[in-house]
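The values are calculated or read from the model by the stated rules, or taken from the named source; none is laboratory data. Model, not experiment: these values are computed from the prediction. Please note: Cβ atoms are built from the backbone with ideal geometry, for glycine as well, and neighbour counts cover all protein chains shown.
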Amino acid sequence: MHSLAIIEDDPTVLKYLNRIIGEAFPGIEIFLYSNGKTACAELADKEVEMVLFDIELPGMSGIECLYILKARSPQLKCMMLTNFDDADNIFKALKAGASSYILKNTQPEKIIEAIRELNNGGSPMSSQIARKVLSAFQEHVNTHNDFFHSLSQREQELIQYLAKGYRYKEIAAKLFISEDTVRTHIRNIYGKLQVNSRLEALRKTGLL
């Protein structure tokens, strides 16, 4: 890695990160910014391989800055380095394009290790952040399972055929029922799931 940018409004933290990264990566070019607006403007003319973002920045949040830079350079490796460990900020950052999420209270050697891992194609996260991501994923899966299991066995069979792209006529033949019966089951499924389309039903049951 030849170049990296840090966007951090606390001058003490910015100086600290500049020092430990400079020591760990001799010869690396480091660009320092105290706000997202300046970073977005100046990085347009620079080729950096990685950017470290704080979230709470003056004028423009780190996540907003991340959206802009990632849209401009999809290959950019992005790490959130912040004090915020709430689910809302975590998932907004990941959705915006962050591949790594590290808390500022992480030991310096672990920060350097995370930067190396990100540079090598990994997605390092602080352990408590990883646990929150996993917990949210499991909750998401369980919610879909609850919707799927709220359907009768016949309705479950039918919606799985829908997920495979079968038409009503084909489903009727598979289940040895009439097309009208298929339509009745579909209406019942939509009613139970409180949806209005096949796409919504498949998404809600986790089949899409």
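So in the stretch 117-134, with the set limited to residues that are modelled with pLDDT under 90 and part of a loop (DSSP other than H, G, I, E, B), which one is surrounded by the fewest Cβ atoms within 10 Å (Cβ to Cβ)? Explain how you work it out, then say what you get.
Here is the first cut: in the stretch 117-134, the residues modelled with pLDDT under 90 are 123-134.
With part of a loop (DSSP other than H, G, I, E, B) added as a condition, the list becomes 123-124, 126.
Working: SER123: 16, PRO124: 21, SER126: 22.
So, considering only residues that are modelled with pLDDT under 90 and part of a loop (DSSP other than H, G, I, E, B), the one surrounded by the fewest Cβ atoms within 10 Å (Cβ to Cβ) is SER123.
Of the candidates ILE102, ILE55, the single residue that is in contact with a strand residue (DSSP E or B) (Cβ under 6 Å, 6 or more places away or on another chain), outside any strand (DSSP E or B), modelled with pLDDT under 95 and among the hydrophobic types (A, V, I, L, M, F, W, C) is ILE55.
Among the residues here, MET80 does not qualify as modelled with pLDDT of 95 or more and among the hydrophobic types (A, V, I, L, M, F, W, C). The condition of being surrounded by 18 or more Cβ atoms within 10 Å (Cβ to Cβ), small (Gly, Ala, Ser), assigned to a helix (DSSP H, G or I) and at pLDDT 90 or above holds for ALA114.
May I ask you to list the residues in the stretch 58-96 that are of a type in the set (Ser, Thr, Tyr) and assigned to a loop (DSSP other than H, G, I, E, B)? Steps first, please.
Within the stretch 58-96, the first condition is being of a type in the set (Ser, Thr, Tyr), and the residues that meet it are 61, 67, 73, 82.
Selection gives SER61, SER73.
Looking at TYR67, TYR101, which one is within 20 Å of MET1 (Cβ to Cβ) and touching a residue at least 12 places away in the same chain (Cβ under 8 Å)?
Details: TYR67 fails: within 20 Å of MET1 (Cβ to Cβ).
Result of the check over TYR67, TYR101: TYR101.
Annotation: of all residues in the stretch 22-47 being of a type outside the set (Ser, Thr, Tyr) and surrounded by 20 or more Cβ atoms within 10 Å (Cβ to Cβ), the one that is nearest to the chain's Cα centre (by Cα) is GLY36.
Going through the stretch 1-37 one residue at a time, which ones are in a helix (DSSP H, G or I) and over 17 Å from GLU109 (Cα atoms)?
Quick first cut of the stretch 1-37, residues in a helix (DSSP H, G or I) only: 11-24, 36-37.
Those that are in a helix (DSSP H, G or I) and over 17 Å from GLU109 (Cα atoms): PRO11, THR12, GLY36, LYS37.
Screening the candidates PHE84, PHE53 for the property of being out of contact with any helix residue (DSSP H, G or I) (no Cβ under 7 Å at 6 or more places or on another chain) and of a type in the set (A, V, I, L, M, F, W, C) yields one hit, PHE84.
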